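Each reported figure results from applying straightforward, stated rules to the coordinates on display, with no laboratory input. What you see is a predicted model; the values in this text were computed from it and never measured. Here the Cβ positions follow ideal geometry from the backbone for every residue, glycine too, while neighbour counts run over all protein chains shown.
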Amino acid sequence: MDLAHKTRLTTSVVVPVYNAGESLIRLLDALAMQSRIPDEIVVVDDGSTDCSGDIARQWHHRHPEILLQVIRQANQGPAAARNRGTHQATGDLVVFIDSDCIPLSDWLEKMAAPFADPEVVGVQGAYRCNQPEWIAQFSQLEIEERYTRMLRSPSIDFIGTYAAAYRRQIFFEKGGFDTRFPMASGEDAEFSFRLADHGLRMVFAPEAFVYHSHPDTLKRYLRQKYWRAYWRNLIYRQHFSRMWKDSYTPNTLKIQTLLGMLFFPSLAAIPLASWGWMVPVGILAAIFALTLPFTFWVAKQSRTIALGSPLILFLRSFVLAIGAAHGFFMGLWVRKEYDGVQTPQA
């Protein structure tokens with residue numbers, strides 16, 4: 001039978017785990033209480049040192065009605081762990097979620113529903129946040145503003161694996177996640193870009209919610225942005241056209257990053273002419289101006305967060321610029337080991 005036309009597609013939920021601890025129990029409990037119970041859960045212990053695999057097995061002893069696999073591998077990063085879990089899975093759909101996420105009770109049902117359309121090969125769910133920290137709430141609004149972009153399009157090209165689903169057959173055919181990404185730093189976006197480059201359709205499921213813990217300090221927030229910008233070099237090497245446009249990333253962010261990269265060399269203009277100072281000042285003014293559309297949007301959600309938004313976006317611009325420059329000078333665009341895509345082994 002053609003899997004695209006099956007009445008009910010079976011689901012395998014794949015969870016990569018590294019030192020997840022008690023958060024893994026909360027996730028498994030939430031999966032067991034779904035309105036649509038997963039046909040299978042695959043936990044991939046990616047070299048944890050906190051007995052995460054044992055925690056999953058102990059949970060399974062208490063819930064024998066749930067089909068659960070626990071796989072142990074040496075630490076190789078989330079991309080390799082998800083690939084390994086998908087190879088072990090048996091469902092028609094492979095559904096990814098992170099170990100620190102808590103899905104709402106109808107999450108899996110909402111994730112699977114779009115696959116009733118045989119043209120759909122991938123689905124993106126959505127974040128929710130209940131953290132009290134200011135920076136975590138800012139991060140959530142940053143993401144929600146991007147969701148408004150995705151809602152305007154009948155299809156998307158960017159899927160994050162905190163809540164993602166794919167037809168397993170398509171996942172294998174297109175090679176899975178590139179394992180050269182050593183951390184959660186863009187391997188999910190690269191794969192969805194790869195599918196989009198082949199003309200395959202992916203959609204946004206805006207009501208398939210998972211609660212997630214965003215960075216709760218400014219330092220953690222900026223560190224996350226830094227490494228995402230670093231590895232974005234590899235993504236754009238493989239998918240150059242996405243540098244200019246994708247369904248998730250605002251072009252204002254890309255322009256801010258470019259301006260941040262231009263700021264430091266622009267300082268050289270200061271001693272060259274009496275008006276030289278105007279070049280770096282103009283760049284700073286442009287970055288600030290580009291923070292305003294998002295800040296005005298945030299003000300409709302939270303005036304408190306909007307007050308700090310320009311400063312955070314200003315800092316973000318320079319951190320993204322430095323991270324992107326670091327990746328460029330480390331040779332991610334030219335080194336031979338980054339040619340093509342490094343696909344998983346069966």
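What's the tally of Lys pairs in the chain whose alpha-carbon atoms lie under 29 angstrom apart, where the two lysines are 8 or more places apart or on different chains?
For the chain, the number of qualifying lysine pairs is 21.
How would you rank Phe329, Phe171, going from fewest to most other Cβ atoms within 10 Å of each one's own Cβ?
So the ranking, lowest neighbour count to highest, is Phe329, Phe171.
Mind checking the range 295-325 for trypsin sites (Lys or Arg not before Pro) that DSSP puts in a loop (not H, G, I, E or B) and that have at most 11 other Cβ atoms within 10 Å?
Answer by residue number: Lys300.
Report the GluC sites (Glu not before Pro) located in the range 114-154 that are in a DSSP loop and have at most 14 other Cβ atoms inside 10 Å of their Cβ, or state none.
In loop regions of the range 114-154 (DSSP not H, G, I, E or B), the sparsely surrounded GluC sites (Glu not before Pro) are Glu119.
Given charges of +1 on the Cβ of Lys and Arg and -1 on the Cβ of Asp and Glu, with all other atoms neutral, how large is the dipole of the range 237-346 about its Cα centre, in debye to the nearest 20?
200 debye
Among Lys110, Lys245, Lys336, Lys174, what is the fewest-to-most ranking by other Cβ atoms within 10 Å?
Lys336, Lys245, Lys174, Lys110
What does the convex hull of the Cα atoms come to per residue for the chain, in Å³?
For the chain, the hull spanned by Cα atoms encloses 143 Å³ per residue.
Towards the positive end of the charge dipole of the chain, with charges on Cβ (+1 Lys, Arg; -1 Asp, Glu), say which of Gln238, Gln34, Gly77 has the farthest Cα.
It is Gln238, whose Cα lies furthest towards the positive end.
Are there chymotrypsin sites (Phe, Trp or Tyr not before Pro) in the range 231-296 that DSSP marks as loop and that have at most 11 other Cβ atoms within 10 Å, and which are they?
Trp244, Trp275
Report the equivalent ellipsoid semi-axes for the range 135-194 in whole Å, largest first, defined as the square roots of five times the eigenvalues of the gyration tensor built from alpha carbon atoms.
24, 16, 9
Just how large is the dipole of the chain about the Cα centre, in debye to the nearest 20, putting +1 at every Lys and Arg Cβ and -1 at every Asp and Glu Cβ?
920 debye
Sort Cys129, Cys51, Cys101 by Cβ crowding within 10 Å, fewest neighbours at the top.
Cys51, Cys129, Cys101
Which value, in debye to the nearest 20, describes the size of the charge dipole of the range 72-139 about its Cα centre when Lys and Arg Cβ atoms bear +1, Asp and Glu Cβ atoms bear -1, and nothing else is charged?
Dipole magnitude for the range 72-139 comes out near 300 debye.
Can you give the local net charge around Phe328? Use residues other than it whose beta-carbon is closer than 11 angstrom to its beta-carbon, Lys and Arg +1, Asp and Glu -1.
+2
Filter the chain for me: DSSP H helices, axial length by Cα at least 20 angstrom, mean Kyte-Doolittle hydropathy not below -1.0. List them by residue number.
134-151, 251-266, 278-299, 303-329
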